[in-house]
1. Pop out the ³J(HN,Hα) list for the range 91-103 in order, Karplus 6.51 cos²θ - 1.76 cosθ + 1.60 with θ = phi - 60°, rounded to Hz; leave Gly and Pro as x.
2. Specify the residue with the greatest mean-square fluctuation among Thr162, Thr234, Thr113, computed from a Gaussian network of the chain linking alpha-carbon atoms under 10 Å apart.
3. Need one number: nm distance between label points at Thr162 and Ala197, each 7 Å from Cα along Cα→Cβ, rounded to one decimal.
4. Quick check on packing: order 201-212, 63-74 by the mean number of other C-beta atoms within 10 Å, highest mean leading.
5. For the range 79-225, what is one quarter of the convex hull surface built on the Cα atoms, given in nm²?
6. log10 I(q)/I(0), Debye, Cα-only the chain, no solvent, q = 0.08, 0.17 Å⁻¹?
7. How much length is gained if the chain between His33 and Asp188 is pulled fully straight, taking 0.36 nm per residue apart and subtracting their Cα-Cα distance, in nm to one decimal?
8. Go through 53-60, 97-104 and give me the packing order, highest mean Cβ count within 10 Å leading.
Amino acid sequence: MDLPRIFTIRESSHRIHNPLTPEKLAALGESLHLAPGTRVLDLASGSGEMLCTWARDLGFTGTGVDISTVFTEQARARAAELGVADRAEFIHGDAAGHVADQPVDLAACVGATWIGNGVAGTAELLSRSLRPGGLMLIGEPYWRRTPPDDKAAQACHASAITDFLLLPELIEQFQDLGYDVVEMMLADQDSWDRYSAAQWLNLRRWLDQNPDDELAPEVREELTSEPARYTRYTREYLGWGVFALMKR
Ligand code: SAH
């Protein structure tokens, strides 16, 4: 049970595995106005940057769960580096179906709603760990502009246009599920570049160091095609944001 190696090659220099910058992530944490001691569950916590920096800056405490051994080790090292290892714990495991032992104040799934088979199932999964009145964070793509056809949607790594909604429609989807949308932090094209363009140098450096690896042809092909694909499609059509939700 682990994340395929290609992800850790692409995102080897990333602390944040989503299109928010450190500044946006910090502003999101502050925007929630939660007290020190806030208990967090972060499903698909990646390298733990959200939990670790919010533990350091905002005094939160909590647990992250992620299926990647590499990212989980990085998260634990980051917690130690930031002096919050006593407050931020990271578990290696499948977050699908993971429910906290004790209800938390803030339950998050940022950029991995497939663990609940989509937005509705992920909200339901998070709600099982959340205390009444608690806050939920869901990170999810949306269309900045509707792609012209399914081919363009597929070039954004969707299976079809219907995979994602426009931003107002995504907000209405959360509301239709019975939530108030109480805050949001959106990526923009520049912050998308910090996630996507930042992968290209990682690919190139890895290729230079691992020319005989079995993944080398795949990485070569990706490095060749990815910059034009990203700028032609994802950068134009795909938005992404983290939405803060409270049950009505
Ligand atoms: N929330 C983090 C990571 C987002 S990337 C951040 O924003 O930085 C998506 C993450 O989902 C990766 O870390 C990947 O390892 C994790 N993941 C994918 N499937 C998972 C599963 N079934 N259970 C737990 N984590 C999973």
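The values are calculated or read from the model by the stated rules, or taken from the named source; none is laboratory data. Because the structure is a prediction, the values reported are computed rather than measured. Reconstructed Cβ throughout: ideal geometry from the backbone, glycine too, with neighbour counts over all protein chains shown. Just the protein is used for accessible areas: all its heavy atoms, side chains included, with ligands, DNA and RNA removed. Shrake-Rupley method; radii C 1.70, N 1.55, O 1.52, S 1.80 Å.
1. Karplus values, whole Hz, x for Gly and Pro: 10, 7, x, 7, 7, 4, x, 6, 10, 5, 5, 10, x.
2. In the Gaussian network model the winner is Thr162.
3. My value for the distance between the label points is 3.6 nm.
4. My ranking of the peptides, most packed first, is 63-74, 201-212.
5. Mean orientational projected area (the range 79-225, Cα hull): 12.1 nm².
6. With no solvent term, the Cα-only Debye profile gives -0.30, -1.38.
7. 53.5 nm
8. 53-60, 97-104
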